[in-house]
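This report refers to the structure that appears directly beneath it.
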Amino acid sequence: MKHTCIAAATLALLLMSCQTSKNQYYEKHLVFPEGATVEQKAEMAAHLTPSPQQLEWQKLELTAFLHFGINTFTNREWGDGTEDPALFNPTELDAEQWARTLKEAGFKMVILTAKHHDGFCLWPTEATRHSVAASPWKDGKGDVVKELKEACDKYGLKFGVYLSPWDRNADCYGDSPEYNKFFIKQLTELLTNYGEIHEVWFDGACGEGPNGKKQVYDWEAFYATIQKLQPNAVMAIMGDDVRWVGNEKGFGRETEWSATALVPGIYLRADSINNALGLRNKSEDLGSREVLARATELFWYPSEVDVSIRPGWFYHSAEDNQVKSLAHLVDIYFESVGYNSVLLLNIPPDTRGLIHENDAQRLKELAQYIERTFATDYGENSNQTRTGKAGDSFEIAITENVPVNTLLLQENIAKGQRVEAFTVEASINGIWEKIAEGTTIGYKRLVRFNDVVAEKLRVTIDQTRADFDISHTGIFYASPVIEENGEGDVAIFMPQSCMIGNQNAPEAIDGKASTAAYRNGLAPVLIDLGEKKTVKGFCYTPVAEGNTDGTIFRYNLYRSDDGKNWENVIHNAEFSNIKNNPIPQFVSFEKPIETKYLKLEPIEEMNGKSHTSVAEFGVMIP
Ligand code: FUL
């Protein structure tokens, strides 16, 4: 009798797994059966669903990053780990001001850089003395993590921690087993002593270079620590819950699949499979049928768009007038949240330990804009579920005779992401006119089109991986943003001539970042200012798009009056984070210098290659 039951159950299971899956769902991960056709794969992909933690996370939409630490006080983007903790001394630190400002601006979660690459910890860790405990702030008795967590609880915000695996201070970094223990100790403290943590952010950056320390991270053990201590948290970037969108500019992909063939970097097989598929975080296409055809497995691995409200991630007073404009932030919102991603917007507290007035003001403007735009939904029956097959349409009546320009579409992603292509038409005086088209929808898609006054909209789902299931729609009017708060330019003087190696490089001083000079080898960049000038600093602009070979990472800088005898001004410095965020690199000297010539001498290219490239070079004058 027992045997018969088992046999029957096995048979039922077998039958279930042979049918490709109308009722079978796969949580977070699936492996395609060998020989599956692309149609079968698409059907399975349509039934891949988020874990409950991922689903909750995707619903947050707006999350905030706070980059704060020793760099705030050294005016750097990456510290090198030798900083004196005595430098950490915010005069008015007020975590409640951070939480209140962010809550009022509509954010749902806050992630703090508990430890950045410099290794300085914002909580009194027992793993190292390199922390707030060794600083004068609150006589070494302060704990930024605790203060912020309490403020988040008070204002009803979720809380996450950024803990940099790369640590330039820890002596044991590079001694893999030792450092992994050290790191797990820090992680355990953060995940044990501060109540609920909702996101753990492991950055992928490491600037060690070819001769640097080689640390092999024990991702499995890190993962197990999170699972054990904070099972409801998502593990981001170097994790398998949340995927880095691939740039730090704030813009997602128009076609954004949460179900993707990209294998998360923490798995040992990641490099070999991703290389074979030609996939990287930055790839345009991570989940189309073309990708599915070649893939052997699929992950629910939704995208997070991280970007700073200022050029840098940390606070620099020189950037007080470079806070992104409202128009820029609105675009970022539409092209992150509106492109099936969670936005992680960085607002770096300043040396006082406060969110700066300019940033707070801009956040307020953004919140008001979003609120105003989405306060009135001109579409009828927005919560009606719309289901159907490829080729089916549904109509949404417009309740008022006013211009509209934005359509909201949301799939019920608890059942997977399915829609591959759609068209939007408007009925204007009884005549249907096509006004937009799109590809993926996912958790949320905001479709922008020119203003129309129409009786109704018609959405046709042209292609879908399985029956579509749209859970929410909406029709809005987003007013144009007048660009009145520009992103403050810095006074830059363009040199008279520039040589790279021994060749003229006019492209590097033509004022156009779109043209660049390339040279083989690590070639010095020689700048002639035409006459002796007072110079406050310089700006190196790397190539941001296309062939980025030759981007300088580490450099020396010299000055000269005659172009022959050189004096060193900056020794062995780096353009921190230039690989992920290839923006103009402004470097200010400690005090202004007088010079006619400058020489930028590359020591290391960002990928260790033997090339040099310069899109622009300028000097900062008083
Ligand atoms: C990068 C880091 O190197 C930056 O400093 C910053 O923390 C950013 C969010 O991630 O990879």
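None of the figures in this text is laboratory data; all of them are computed from the coordinates on show. Worth saying up front: this structure is predicted, and the values here are computed from it rather than measured. A quick note on method: Cβ atoms are made from the backbone with ideal geometry, for glycine too, and the neighbour counts reach across all protein chains shown.
Using just the helices of the chain, give the 222 nm mean residue ellipticity in deg cm²/dmol: DSSP H runs with n ≥ 4 each add -39,500 (n - 2.57), and the total is spread over all residues, rounded to 500. Don't jump to the answer; show the numbers that get you there.
Working: 12 runs with 129 residues, N = 622.
Taken over the chain, the calculation gives -6000 deg cm²/dmol.
For the chain, build the charge dipole from Cβ charges (+1 Lys, Arg; -1 Asp, Glu) around the Cα centre, then report which of Pro592, Phe73, Gly204 sits farthest towards its positive end.
Of the candidates, Gly204 comes out farthest on the positive side.
Over 22 Å between Cα atoms: which of Lys389/Lys415; Lys59/Lys185; Lys533/Lys591; Lys213/Lys579; Lys214/Lys609 fall into that group? Walk me through the intermediate numbers first.
Values: Lys389/Lys415 15 Å; Lys59/Lys185 31 Å; Lys533/Lys591 14 Å; Lys213/Lys579 19 Å; Lys214/Lys609 19 Å.
Table pairs above 22 Å Cα-Cα are Lys59/Lys185.
Which ³J(HN,Hα) values in Hz, rounded to whole numbers, follow from the phi angles of the stretch 244-256 under the Karplus curve 6.51 cos²θ - 1.76 cosθ + 1.60, where θ = phi - 60° and Gly and Pro get x?
So the J values, rounded to whole Hz, are 5, 5, x, 8, 10, 8, x, 10, x, 8, 5, 9, 10.
Tell me, what HN-Hα J-couplings in whole Hz come from the Karplus equation 6.51 cos²θ - 1.76 cosθ + 1.60 at θ = phi - 60° for each residue of the stretch 220-226, using x for Gly and Pro?
4, 5, 5, 4, 5, 5, 5
How much length is gained on full extension from Ser610 to Asp84, taking 0.36 nm per residue of separation minus their Cα-Cα distance? Each step should come with its number before you reach the end.
Details: separation 526, 0.36 × 526 = 189.36 nm, distance 3.45 nm.
Taking Ser610 through Asp84 to full extension adds about 185.9 nm, to one decimal.
Kirkwood hydrodynamic radius for the chain: how many Å is it when counted over pairs of different Cα atoms?
26.5 Å
Once phi is turned into θ = phi - 60°, what whole-Hz ³J(HN,Hα) does the Karplus curve with 6.51, -1.76 and 1.60 give for every residue of the stretch 548-556, x standing for Gly and Pro?
9, 4, x, 4, 6, 9, 10, 7, 10
So if I take the centroid of the Cα atoms in the stretch 533-549 and the same for the stretch 108-185, what is the distance between those two points in Å?
A separation of 33 Å, based on Cα centres.
If we sort 370-382, 579-591 on the protection proxy, mean other Cβ atoms within 10 Å, highest first, what's the order?
579-591, 370-382
Need the list of lysines near Lys154 for cross-linking: C-alpha distance under 16 angstrom, and skip anything on the same chain fewer than eight residues off.
Candidates past the 8-residue exclusion: Lys103, Lys108, Lys146.
Return the distance in nm (one decimal) between the two label points of a simple spin-label model at Asp285 and Ile428, each offset 7 Å from Cα along Cα→Cβ.
Calculated label separation equals 3.3 nm.
Mind checking which aspartates and glutamates have their Cα closer than 15 Å to the Cα of Lys444? Skip sequence neighbours fewer than 8 apart in that chain.
Here the aspartates and glutamates satisfying the reach criterion relative to Lys444 are Glu56, Glu61, Glu254, Glu256, Glu304, Glu335, Glu411, Glu420, Asp469.
Taking the chain as the reference, fit the longest principal axis to its C-alpha atoms, fit the long axis of helix 95-104 to the helix C-alpha atoms, and give the angle between the two in degrees, 0 to 90, nearest 10.
So the inclination is approximately 50 degrees.
Can you tell me, using C-alpha contacts under 8 Å and at least 6 residues apart, the relative contact order of the chain as a whole percent? Mind dumping the intermediate values first?
Working: 1428 pairs, mean separation 80.0, N = 622.
Relative CO of the chain lands at 13 percent.
Counting Lys and Arg as +1 and Asp and Glu as -1, each charge on the Cβ, what is the dipole of the stretch 492-620 about the Cα centre in debye, to the nearest 20?
Values: 13 positive and 16 negative charges, 25 e Å.
Here the size comes out at about 120 debye.
Give, as ranges by residue number, the residues of the stretch 157-185 whose backbone N falls under 19 Å from the point 7 Å along Cα→Cβ of Lys228.
177-185
Enter the angle in degrees (range 0 to 90, nearest 10) between the Cα long axis of helix 176-192 and the first principal axis of the Cα atoms of the chain, meaning the one along which they spread out most.
Around 70 degrees separate the two axes.
Output the peptides 523-529, 191-197, 611-617 sorted from most to least packed, where packing is the average of other Cβ atoms within 10 Å over each peptide's residues. Before the final figure, lay out the partial values.
Working: 523-529: 21.9, 191-197: 16.4, 611-617: 23.6.
In descending order of packing, they fall as 611-617, 523-529, 191-197.
Ratio of the stretch 268-415's C-alpha Rg to 2.2 N^0.38 Å, to two decimals? List each step's numbers first, then the result.
Numbers: Rg = 20.5 Å, N = 148, 2.2 N^0.38 = 14.7 Å.
Normalised Rg, Cα atoms only: 1.40.
Identify, among Ile332, Met238, Ile273, the residue whose Cα sits farthest towards the positive end of the charge dipole of the stretch 224-363, taking +1 on the Cβ of Lys and Arg and -1 on the Cβ of Asp and Glu, with the dipole about the Cα centre.
The residue sitting farthest along the positive end of the dipole is Ile273.
For the stretch 492-620, what is the relative contact order in percent, using Cα pairs closer than 8 Å and at least 6 residues apart in sequence? Present the calculation step by step, with values, prior to reporting the outcome.
Working: 335 pairs, mean separation 53.4, N = 129.
Relative contact order for the stretch 492-620 comes out at 41 percent.
Cα gyration tensor of the stretch 386-476, axes a ≥ b ≥ c as square roots of the eigenvalues: rounded (a/c below 1.5), prolate (a/b > b/c) or oblate?
Working: a/c = 2.10, a/b = 1.76, b/c = 1.20.
Note, shape of the stretch 386-476 comes out prolate.
Quick check on packing: order 423-433, 64-74, 78-88 by the mean number of other C-beta atoms within 10 Å, highest mean leading. Display every interim value, and only then the final one.
On the way: 423-433: 14.0, 64-74: 24.5, 78-88: 17.7.
Per-residue mean Cβ counts within 10 Å order the peptides as 64-74, 78-88, 423-433.
Roughly what % antiparallel, to the nearest 5, for the DSSP beta bridges in the chain? Write down the numbers at each step before the final one.
Values: 83 of 116 bridges.
Antiparallel bridges: around 70 percent, rounded to the nearest 5.
Near the amide H of Asp118, under 5 Å away, which other amide H atoms are found, from residues 5 or more places off or on another chain, if H is placed in the peptide plane?
Long-range HN contacts for Asp118: Gly79, Arg168.
Whole Å is fine, so just give me how far the alpha carbon centre of the stretch 459-484 lies from that of the stretch 314-384.
Here the two parts' Cα centres lie 20 Å apart.
Obtain the nm distance between the two label points defined at Glu400 and Tyr518 by a simple spin-label model: each point lies 7 Å from its Cα along the Cα-to-C-beta direction.
5.4 nm
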